[in-house]
Each structure stands twice: as C-alpha cells, then as structure tokens.
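The values are calculated or read from the model by the stated rules, or taken from the named source; none is laboratory data. Source: prediction; values computed, not measured. Cβ atoms come from the backbone with ideal geometry, glycine included; neighbour counts cover every protein chain shown. Heavy atoms of the whole protein, side chains included, go into the accessibility calculation; ligands, DNA and RNA do not. Shrake-Rupley method; radii C 1.70, N 1.55, O 1.52, S 1.80 Å.
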Amino acid sequence: QPVTPDLLVSPSSQDGDLGSECPEDRGNWTGRLDFLLSCIGYCVGLGNVWRFPYRAYTNGGGAFLVPYFIMLAICGIPIFFMELSLGQFSSLGPLAVWKISPLFKGIGMGTILIVSLVAIYYNMIIAYVLFYLFASLTSDLPWQHCGNWWNTDLCLDHHVIKGGNTTFPVNITNTVSPSEEYWSRYVLHIQGSSGIGDPGRIRWNLCLCLLLSWTIVYLCILKGVKSSGKVVYFTATFPYLILVMLLIRGVTLEGAWKGIRFYLTPQFDHLLSSKVWIEAALQIFYSLGVGFGGLLTFASYNTFHQNIYRDTFIVTLGNAITSILAGFAIFSVLGYMSQELGVPVNQVAKAGPGLAFVVYPQAMTMLPLSPFWSFLFFFMLLTLGLDSQFAFMETIVTAVTDEFPYYLRPKKASFSAVICIALFLMGLILTTEGGMYWLVLLDDYSAGFGLMVVVITTCLVVTRVYGIKRFCRDIHMMLGFKPGPYFRACWMVLSPATMMALLVYNIVKYQPSEYGSYRFPTWAEALGILMGVLSCLMIPLGMVVAVLREEGTLWERVQQASRPAMDWGPSLEENRTGMYVASLAGSQSPKPLMVHMRKYGGITSYENTAIEVDREMEEEDEEESMM
C-alpha cells in the first residue's frame, strides 16, 4: 500500500483528518446546463414582457434598438462578465466575495438589503399572477362583462359596443373597462383604502396566493442549487413555448399589423434625446439583473474552469432577443384590440402591472377560447417570475451561509425556511386593500439609485483597488486567456462613466411616486428615499468595521483592510497557483501542480496556463525589483 506523503495532501481531497475540520461542502451544479438555464431564467423575467415593449414604443419604436444594443455592449455584457468571473473565481457568495478587499464588504451588505426588499414585492406580483391563473379556470372569464357587484356605472363592455348599432357613436372617454374594475375593485379592493397610510383589511384570497407562492419558492430552493437547478429546466424553457404560441395567435389576428407597425416604426429623431439613451441603459441594467448578486451566486457554484465567457454572450443576447419577441406578442394583440374598440393603439398601450392585469386580460376576452389563452398567458408570467425569485432567494441564503459555513451550511434547508417565513410576514402589508401603494413604493425605491451606487462601487473597487491587471490575471488562470481591450476599456472607463450618468440623471429627473391619480404623501416619499439611502450607507458602515479590526495608524489600517484577505482566491487547492499557493488555512501543499498530477496524472492545458501565469508574475516581480 503506497503512502502519500503529508506534503501532497490537500484539504480538498477528502483523505486525511483535515476533512473533518472543514465546513460542509457548498455543493455544485449537478448538470452541464443547470447554470446556463438558471442565468437565462433569472435574466428573462416579467420586465421583458411588460417593460421592454412599452419602453421601445415610447422611445422611438425600432430606433430604440440602436441605443439598446449600444448600451448592452458598453454596460450590460462587461458587468455581467465581471460578476460571473468574481463568483466563479472565488466560489463565494455576495458577502464573502469581499475577501477581495475587506474594506468594501459593505457593498455585499447593501446588495443583500436590496435583494431582500425586491424579493418581498416580487413574490407579491407572483401572487397576483396565481390569483388570475386560478380565475382563468372557468368557462367565462370574470372580467369579461359588467354587471358584477364590484362594477360601477362607468363600466362599459366592449361586447355591447360591437353588438349594438354601429351608427350610434359611443363616447368611451369617461368609461372604464370591466377588466380594469375587476383588477382595482375586486382583486385589490383598493376602494377600501384612502391611501398608503390607511392599508385597510387584509385580502385573504391574496394572502393565500402569497402563501402559496412562497411555498412554491421554498420547495424549489429546498436543496439549494441542486433542486433549483433542476426546476429551471422547466421554468426557463416553457415560457418560450407559450410566447411562441401567443405570438402566432397574435399575428394571425385582424389588425395585428397595426400594433406591430406602431411598435417598430423607427423615429430616428428620438435618438438625439438623452432620455432615450438613459431609458435604454436602464432597461439593460434591470433586465440583466446585474448588481443583485444573483449572477455572482450562480457562478460561485460552477467548476473553476467553466467557460463563462461563452455563457455571458449566450445569456445577454438571448435576453435581448426575448424582449424583442415579447414586444411582437404584446403589440400584435394590442393592435387587434385597438381595431375592435375603434381607438388608436397608444390609447390601449400600457406598461407594468397595468399591461399584465388590465389590458392583456381584456384583450383575451375578445378572443375565442378566451379562458385557454388567459391561462396560458398567466402561466407564462408565473414561470417567468419564479426563476427570478429563486435567484433572489438563493442569493440571500448563499450570502449568509458562506459567512457562517460551520453553523449554517448543514442546516441550509431550515435556514431557507426561516428566510421565506420572515419575508412572507413582511410582505403581508402588500395583501391589504392599500397594498398596491406599498408595492409601488417598494418598486420605485428599493432597487433605484442604491443599486447603481453598489454596481459603480463594485466596478471601481475591482479595477482600481484590487487592480485591473490582477483581475485579468485571475481570469487568465480560470479560463486560459486574458480579457481583451474591449472588456478592459469598459471596466476601467465606459461602464462606470455610463452608470454615473444614469445615477445623476435619476437624481436630477427625480419624480415623486404616483399610482394613477394618487400622489404619495411626503412621509412615504421620505421612507422610499431612506430605503435607497440605507443600502448606500452600508458601504461606509462596512468600511468603519473593517478599519476598526486592523491595527496601526488610520492610513495603515485602511491600506491593510483594502488588500485581499490571506485566503482570497480559488476555493480548491489544486486551482491555486502563483500568489495563491499555500495561502489556504491548513494548507500543506507547496505546489498545487503536484496535487493535480497526483489526481489527474500528467499536465492539462490549465496547468500550462498556471505555469504561464507564474512565469509572468515572476517577470513582473523582477521588473519591480530592478526599478
């Protein structure tokens, strides 16, 4: 029996006594496509259906695609790749990843705060979708006609207009559609609340839908990425099937081209307005989900040499194409609807919840087999929303369990349950009669300027404090090649500058929140701004804590806290080369290369890369010592 000398035992190989002292294994994705589908599911969400088409038509139609793709290249792709690289290189969640520069750990704390607030209201939107999904399981859709107890005298049924004598002109300016009254007076029961300060009673049917949506999310993230990685095979692919069905049905309707022409007719004069470019950048920013920590979390479960460079382009371009496709599906139906009602398309077009819960359901009632199409539409929204919610939850759970691996990793399922219950209880105010006002407040402020500050700071810390050379060398170690000048230029200058412009624009053009004709009171505005500021304040707070933990003068403390921690680097010993050799706790291996050769026999292309990186670093050290 050959004996392995102690020198060659690494903590990652589970022989020897070291394994018992190590925290429980984090786990990895179980299949090749788990990571890619999770990223697609996370990025392709409700915004692709209800924000992009509307943003495109209000900002120059087809011409909007020019700034959209330029902003994707400047802001979207580089930051997306940076987040994936940070996660995959360190195999750490959004809090522990700040071993890269402990002084800035507050960025991770800010991220978790933002994600928690978004998770609370995002699941409420999924609860509304579930409500409509169940309501579609009838032979007649409940929002099809007037004459129900929740309808008012202003309610006007389009079926009556069509069936009546067409020579009699109908004035529809002061009327309300049955679907609008169903949404506001029956689902929300908003007439029971006078405003945000008067939430009214809890709507128990909404409360049960919220409980159901949290239960679904919990069961899917129960075993971490091992369970959610399997669910996304359905939730990330099925929406495409439904989208294609809705698209085919949409374009075969009479008047569909009227809507599509409206959606895509390019108005190039819009490109001279700064607002259009800002809107394009905002759409990219929110639709790719950068800064929320979801991408970083997903990448942290990858193997060290996974080709995230290729995955970046697949996900970002796939996301853009999905948004454009969704626009066709939505506007073809809006075109048909405008023809049926005899009004221009811009009078029926809306964005956000108004499109999903008022306009589109109303269009469904005009189709034959309306409950079937309505069920399909809401089932698509459900699957789109769920995998984004998985990412938010996985981010929170991973971030905290990576901070306390010894205590929380073995109890990950119980810890996930605690987080789900806590967020469900916090979201109960959204199920009240005035809950929509709270949802609008959370939507407007939770991930506004706070998120931009987090992303700008991350970009600056990685390129300036940690160093762009070092970051590129880490990627070289991982992927076998260095990022080109395009990525370096974006990381150093273009992406931070664009996001700074976004941030300034958002502050200068600040508009108080509103819901329909309701204006929010000053205290609600202040509460919203506080939500955004709180996530920014985490950064200086983290700095104070990091500086207090060091020793020496203030400047020495700041310098020590901004350097990477001793154990920063790849999590497995066999991937640690160059400056990362033997810096893990309990490390005994003088050269991970030996561990590799013992494990795999012979040298692979990645070991060649490791040798190259080592040689480069030695040359740099020599140059520095000669200077």
Check: Consider S517 against the criteria (1) among the small types (G, A, S); (2) touching a Ser or Thr at 6+ places or on another chain (Cβ under 9 Å); (3) open to solvent by 30 Å² or more (accessible area, probe 1.4 Å): it satisfies all of them except one. Which criterion is unmet?
Finding: (2)
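Counting just the residues of the stretch 131-155 that are in contact with a Ser or Thr (Cβ under 6 Å, 6 or more places away or on another chain) and crowded, with 19+ Cβ neighbours inside 10 Å, which one comes out farthest from W214 (Cα to Cα)?
Q144
So that you can scan it fast, the table gives a plain yes or no per residue for (1) farther than 18 Å from L253 by Cβ; (2) of a type outside the set (F, W, Y):
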residue: V359; (1), (2): no, yes
residue: L369; (1), (2): no, yes
residue: S374; (1), (2): no, yes
residue: F377; (1), (2): no, no
residue: T383; (1), (2): yes, yes
residue: A391; (1), (2): yes, yes
residue: V397; (1), (2): yes, yes
residue: P405; (1), (2): yes, yes
Item checked: All positions within the stretch 216-242 that are closer than 17 Å to I126 by Cα and without any contact (Cβ under 8 Å) to a residue 12 or more places away in the chain -> L219
Notebook entry, point to check: Taking helices (runs of 4 or more DSSP H) that fall entirely within the stretch 211-307, which contain at least 2 residues that are among the basic types (K, R) and open to solvent by 20 Å² or more (accessible area, probe 1.4 Å)?
Noted result: 225-235, 256-264
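Look through V508, V493, V453 and report the one residue that is closer than 20 Å to V533 by Cβ, of a type in the set (V, I, T) and without any contact (Cβ under 8 Å) to a residue 12 or more places away in the chain.
Details: V493 fails: closer than 20 Å to V533 by Cβ; V453 fails: without any contact (Cβ under 8 Å) to a residue 12 or more places away in the chain.
Matching residue, one of V508, V493, V453: V508.
Report, by residue number, each residue of the stretch 432-445 that is touching a Lys or Arg at 6+ places or on another chain (Cβ under 8 Å), outside any strand (DSSP E or B) and buried (at least 22 other Cβ atoms within 10 Å of the Cβ).
Step one: list which residues in the stretch 432-445 are touching a Lys or Arg at 6+ places or on another chain (Cβ under 8 Å), which gives 432-433, 435.
Retained after the next criterion (residues that are outside any strand (DSSP E or B)): 433, 435.
Passing the criteria: only G435.
Could you go through the stretch 367-382 and let me know if any residue there is closer than 26 Å to E514 by Cβ and surrounded by 22 or more Cβ atoms within 10 Å (Cβ to Cβ).
Taking the stretch 367-382 first, the residues closer than 26 Å to E514 by Cβ are 381.
Then keep just the ones that are surrounded by 22 or more Cβ atoms within 10 Å (Cβ to Cβ); that gives 381.
Taking every residue of the stretch 367-382 in turn, at least one turns out to be closer than 26 Å to E514 by Cβ and surrounded by 22 or more Cβ atoms within 10 Å (Cβ to Cβ).
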Note to self: Looking only at the stretch 469-510, how many residues end up being open to solvent by less than 30 Å² (accessible area, probe 1.4 Å) and in a helix (DSSP H, G or I)?
What the structure shows: 18
Item checked: Every pair of residues 6+ apart whose Cβ atoms lie under 9 Å, when the first sits in the stretch 123-139 and is aliphatic (A, V, I, L, M) while the second is buried (at least 20 other Cβ atoms within 10 Å of the Cβ) and not in a helix (DSSP H, G or I) -> A135/L141; A135/W143
Notebook entry, point to check: Right, S85: buried (at least 24 other Cβ atoms within 10 Å of the Cβ) and either of a type in the set (G, A, S) or farther than 28 Å from L572 by Cβ (or both) or not?
Noted result: yes
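Residue-by-condition table, conditions (1) among the aromatic types (F, W, Y); (2) surrounded by fewer than 24 Cβ atoms within 10 Å (Cβ to Cβ):
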| position | (1), (2) |
| --- | --- |
| Y42 | yes, no |
| R51 | no, yes |
| R55 | no, yes |
| T58 | no, yes |
| C75 | no, no |
| V97 | no, no |
| M109 | no, yes |
| I112 | no, yes |
| A119 | no, no |
Next item on the list: For the stretch 346-366, name all the residues that are more than 18 Å from L137 (Cα to Cα) and in contact (Cβ under 8 Å) with a residue 24 or more places away in the chain.
Entry: N346, A349, K350, A351, G352, P353, L355, V359
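Being over 30 Å from F131 (Cβ atoms), touching a residue at least 60 places away in the same chain (Cβ under 8 Å) and of a type outside the set (A, V, I, L, M) is true for just one of F471, F424, F404, F392. Which residue is that? Give the derivation first.
Numbers: F424 fails: over 30 Å from F131 (Cβ atoms); F404 fails: touching a residue at least 60 places away in the same chain (Cβ under 8 Å); F392 fails: over 30 Å from F131 (Cβ atoms).
Result: F471 is the single residue among F471, F424, F404, F392 that is over 30 Å from F131 (Cβ atoms), touching a residue at least 60 places away in the same chain (Cβ under 8 Å) and of a type outside the set (A, V, I, L, M).
Considering each residue of the stretch 254-274, count those that are among the hydrophobic types (A, V, I, L, M, F, W, C) and modelled with pLDDT under 90, and give that number. Walk me through how you get there before you give the answer.
Of the stretch 254-274, the ones among the hydrophobic types (A, V, I, L, M, F, W, C) are 256-257, 260, 262, 264, 268, 271-272.
Subset that is modelled with pLDDT under 90: 262, 264, 268, 271-272.
Going through the stretch 254-274 one residue at a time, the tally reaches 5.
Could you tell me which of the residues P564, P483, P540 is modelled with pLDDT of 95 or more and farther than 30 Å from Q191 by Cβ? It would help to see each step written out before you state the result.
Working: P564 fails: modelled with pLDDT of 95 or more; P483 fails: modelled with pLDDT of 95 or more.
Of P564, P483, P540, the one residue that is modelled with pLDDT of 95 or more and farther than 30 Å from Q191 by Cβ is P540.
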